[in-house]
Amino acid sequence: MKSFRLVGFTSLVLAALVLGACAQPAPTAAPTAIPPEPSSEEPAAATAVPMEEVTLKIGFTASQTGSLNVESTRQNNGLSLWMEQVNSAGGIQVGENTMVTFESVFYDDESNKDRVQELYTRLATEDNVDFMISPYSSGLADASAVIAEQYGKIMITTGAASDATYQKGYTLVYQAYTPASRYLTGAVDNLASLDPAVKKIAFVHENDKFSTDVVTAAKVYAEGLGYEVVLFEGYDTGTTDFGPFINNITAAAPEAIMGGGHFQDGTTFARQLSEKGVSAKYIALLVAPPEPTFSELGDAALGIVGPSQWEPLAEYTAESADAAGLEYYGISGSDFTDAYTAAYGEEPSYHAAGGYAAGLILQWALDTADSTDVEALKAALDSMDVLTFFGHSKFDTSPENHGLQIGHSMVYIQWQTAADGLAKQVIWPPEGATAEALYPVR
């Protein structure tokens, strides 16, 4: 496999050429005889084949407006950073004389599923994009995946955890995220390790595909471990008054609360739980807690646990790849964090990392296949078993679950007190923990 080209590689090469041109050559002795004339029978010097530059289009939609704007914007930022770095480094060499760079073609999907299918059809038939990246959220990604498969486009889905998308017989759609079926189960394991005596859990969740899939799987998992689910209730997308649900929680008297949905509703839910003085030993919510701005809730954020696809604290390195018997590919987590912070003025969330990782997965496939052919890229992705700064990537290749992510694992963060306010700490799994859990929360 060709080695990964880091940002700045082109500049280093140019610098080396300039220094070489400026260096004084060592003196040589004058020839003692006139060199013979070249024989007319000697072969002519081979003519170098010029490098062909090819720009490929990556098509996607982003929720520049609508309820998914926060997460989608950060995902788009991460993908844009990857594209900028690859292009600045000169591109990806494919074959002996082709250098591939990228341009993006994208539209605002307004967080609307109907818009997604319309726009991905346009990307395939009018814009003639070469590859596709999914929009943010399981529902929108599911709507786009059928279009990618229909028009024969490789699609990397990111910001999308639902298992069901990969159980429809698709062969060209590949998932970057840990699936929904394993998204919140680690929180149940974490709770069991903290307090084996706790038995009552309440699940309150957004009524969308992603959230429902996650909590349904977590409910089944918890019940299998002997937990009593005292409340299992959904709320509509866009809900801002959680009073009725909080009343039901209080009446059910759970020892732990799990659920939520996306950033806006999850943040509001956490704040109102605090305002109404709801008592719970453990609270784990989806999506919102890992976002850096969640800490702006102040005391309402303290102790809240959130599953995260990636954290800056996570250290996936070449050394850990060696220990696991895996190939390491791409930049380090610290290099990604530094580059993203410099570009966007904030620490990256896992949504941003997921956007970058989607590009990195596509880059690995191009590097490995040494081709832009769809079948060659599919074969490469089917064989992927690699560690990147985002974690382990490996795909199910069975007909029943083709493209489902089976390598990547979640980490669980909790907001805890720090010298300058609140700070995220990794509390689960134990091998990745940066602090002991704050327990009980309230």
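The one condition from (1) under 25 Å from H408 (Cα atoms); (2) touching a helix residue (DSSP H, G or I) at 6+ places or on another chain (Cβ under 6 Å) that A187 does not meet is (2). Every test in (1) in contact with a helix residue (DSSP H, G or I) (Cβ under 9 Å, 6 or more places away or on another chain); (2) assigned to a helix (DSSP H, G or I); (3) modelled with pLDDT of 95 or more is passed by T171 save one, and that test is (2). Just wondering, is there one or more residues in the range 138-161 that are farther than 30 Å from T341 by Cα, touching a Lys or Arg at 6+ places or on another chain (Cβ under 6 Å) and buried (at least 24 other Cβ atoms within 10 Å of the Cβ)? Within the range 138-161, one or more residues are farther than 30 Å from T341 by Cα, touching a Lys or Arg at 6+ places or on another chain (Cβ under 6 Å) and buried (at least 24 other Cβ atoms within 10 Å of the Cβ). Going by what's in this entry, would A352 be described as farther than 30 Å from E52 by Cα, out of contact with any helix residue (DSSP H, G or I) (no Cβ under 6 Å at 6 or more places or on another chain) and small (G, A, S)? Here the answer is no, as A352 does not meet what is asked. In summary, strands (runs of 3 or more DSSP E) completely within the range 220-326 and bearing 2 or more residues that are more than 25 Å from T388 (Cα to Cα) and free of Cβ contacts under 8 Å to residues at least 40 places away in the same chain occur at 228-235. Out of all the residues in the range 91-103, which are surrounded by fewer than 16 Cβ atoms within 10 Å (Cβ to Cβ) and either on the phi > 0 side of the Ramachandran plot or in contact with a Gly (Cβ under 9 Å, 6 or more places away or on another chain) (or both)? Scanning the range 91-103 gives G95, M99. Scanning the range 328-350 for residues that are modelled with pLDDT of 95 or more and of a type in the set (D, E, K, R) turns up D335, D338. Of the strands (runs of 3 or more DSSP E) lying entirely inside the range 65-154, the ones with 1 or more residues being under 28 Å from Y344 (Cα atoms) and out of contact with any Leu (no Cβ under 8 Å at 6 or more places or on another chain) are found at 98-108. Applying the selection to the range 57-87, what residues are over 20 Å from D130 (Cβ atoms) and surrounded by fewer than 22 Cβ atoms within 10 Å (Cβ to Cβ)? Result: Q64, T65, G66, S67, N69, V70, T73, N77.
Matching residues to (1) within 20 Å of D338 (Cα to Cα); (2) touching a helix residue (DSSP H, G or I) at 6+ places or on another chain (Cβ under 6 Å):
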site	(1), (2)
E71	yes, yes
N77	yes, yes
N87	yes, no
G91	no, no
V100	no, no
F106	no, no
S111	no, no
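The values are calculated or read from the model by the stated rules, or taken from the named source; none is laboratory data. None of the values given here were measured: they were computed from a predicted structure. Backbone-built Cβ (ideal geometry, glycine too); neighbour counts: all protein chains shown.
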